[in-house]
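Below: the structure, in structure tokens.
The values are calculated or read from the model by the stated rules, or taken from the named source; none is laboratory data. On a predicted model such as this, the values are computed, not experimentally measured, just so you know. Don't worry about glycine lacking a Cβ; one is built from the backbone with ideal geometry, like all the others, and counts go over all protein chains shown. Ligands, DNA and RNA are stripped out before the accessible areas are found, and what is left, the full protein with its side chains, is counted by its heavy atoms. Shrake-Rupley method; radii C 1.70, N 1.55, O 1.52, S 1.80 Å.
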Amino acid sequence: MLSRKGLIPEDYLLTRLAEDVLQPKFKTKQRKARFVAKSGTCNVAHTNIREQGRFLQDVFTTLVDLKWLHALLIFTMSFLCSWLLFGMIWWLIAFAHGDLDAKGDDFVPCVTDIHSFSSAFLFSIEVQVTIGFGGRMITEECVSAIVILILQNIVGLVINAIMLGCIFMKTAQANRRAETLIFSKHAVITVRNNKLCFMFRLGDLRKSMIISATVHMQVVRKTVTKEGEIVPLDQIDIQMDNPVGTNSIFLVSPLIISHVIDKNSPLYDLSAADLQHEDIEVIVVLEGVVETTGITTQARTSYLSEEILWGQRFVSTVSEEDGMYAVDYSKFGNAVKVATPSCSARALDEAGGMESFRLKESSGASVRRRIRHQNTKEL
């Protein structure tokens, strides 16, 4: 897919895919660190963790979370160490029984054809990976050798189960599916159904669907409680006005996810002027089940105040062609300016809502036309 790293420039990966390259650039202002990156990674560093032993209590998850280089190194070393350990044990058994010395034809060794540590190491590999070349084999002479044979087979099966399970889980991690779930680079605030709404666009590049997909949004900002306590990362849930009308979304074509800015919204007092200097971050989380694998996946992004466009609306990306619907992803992030009140939703409600705003706009337009008409007559 185009969303794979290295195939297209970094500026158009993940959430920036299919954006309009002619989108105006905005200078970023000095602000605090971003909580969630545009790619979905959380910008949080865990330091001074004293109880490191807790990670060893969940070894499987720890191995899956490791980087690929470290995981492959542990994968290789686990087999090499087990082969070396049991190779040493087989050599000790042969040494204790006297198999390393030259004997007569009537001598029965514990393991045939073991004359050095190298041959004992090769026999250890043959036992654990069940190669069985036929040159070396165990006899009924030593009970200890039979016990070690059983023990090495059990240890080998356990190592195979853990290591192969970790490799499988790393290759089938749900965040790989999230690479083809894209968000618009900018969010917009405009009027929809006579209400100020916060909106962004969401799309899926694959034909395989995300089942039971849900979208959650939060506003992260610095707040101060009535008692004077400073909360540096106050996470406030905001309700979503789903275009489908339920908690789940049907993500077959790109959808515009909308949040109505009403009195219960944390954006209720936000105006266009406040947006220029307000230090807020809107986090968007999409979660669902991958249709092909049944694994739950999650895609995340966030919008800073300078990435929220006031008074703009997304253009349509869906058209009907030859009896089917076509999606033009070149228009995925395109937005056009529309008439939108620059005041906050609270001020708009107190002024009488959108009907009052439209009345003032129409009266102002008629006055401007009358003035232009008079100026034309004077000329």
Practice item. Output the qualifying pairs, or none if there are none: Cβ atoms under 6 angstrom, residues six or more apart or on different chains, first residue in the range 193-213 and closer than 30 Å to residue 342 by Cβ, second residue modelled with pLDDT under 85 and aliphatic (A, V, I, L, M). Key: 194/354
Practice item. Would you point out which residue out of 222, 185, 170 is touching a residue at least 60 places away in the same chain (Cβ under 8 Å) and under 24 Å from residue 60 (Cβ atoms)? Key: 170
Review point. Among the numbered criteria (1) aliphatic (A, V, I, L, M); (2) more than 30 Å from residue 293 (Cα to Cα); (3) buried (at least 21 other Cβ atoms within 10 Å of the Cβ), which single criterion is violated by residue 213?
Key: (2)
**Study point:** Those residues of the range 136-184 which are in a loop (DSSP other than H, G, I, E, B) and open to solvent by less than 40 Å² (accessible area, probe 1.4 Å), in sequence order
**Key:** 139, 142, 172, 184
Point to revise | Conditions (1) under 19 Å from residue 202 (Cβ atoms); (2) modelled with pLDDT under 90; (3) of a type outside the set (Phe, Trp, Tyr); number of the one not met by residue 324 | key: (1)
Check your understanding: Of all the residues that make up the range 308-320, how many are surrounded by 19 or more Cβ atoms within 10 Å (Cβ to Cβ) and not in a strand (DSSP E or B)?
Key -> 1
Check your understanding: Quick check, is residue 234 modelled with pLDDT under 90, surrounded by 15 or more Cβ atoms within 10 Å (Cβ to Cβ) and over 23 Å from residue 34 (Cβ atoms)?
Key -> no
Exercise for review: For the range 48-93, name all the residues that are farther than 27 Å from residue 173 by Cβ and exposed (fewer than 12 other Cβ atoms within 10 Å of the Cβ).
Suggested key: 48, 50
Review point. Restricting the first residue to the range 274-296 and requiring it to be in a helix (DSSP H, G or I), which pairs with a second residue that is hydrophobic (A, V, I, L, M, F, W, C) and modelled with pLDDT of 85 or more meet a Cβ separation below 8 Å and a spacing of at least six or different chains?
Key: 275/189; 275/308; 275/310
Check your understanding: Within the range 115-131, which residues are closer than 23 Å to residue 75 by Cα, among the small types (Gly, Ala, Ser) and assigned to a loop (DSSP other than H, G, I, E, B)?
Key -> none
Practice item. Output the residue which, of all residues in the range 342-356 that are in a loop (DSSP other than H, G, I, E, B) and open to solvent by less than 40 Å² (accessible area, probe 1.4 Å), is modelled with the lowest pLDDT. Key: 353
Exercise for review: Among the candidates 100, 69, 80, single out the residue that is of a type in the set (A, V, I, L, M, F, W, C) and touching a helix residue (DSSP H, G or I) at 6+ places or on another chain (Cβ under 9 Å).
Suggested key: 100
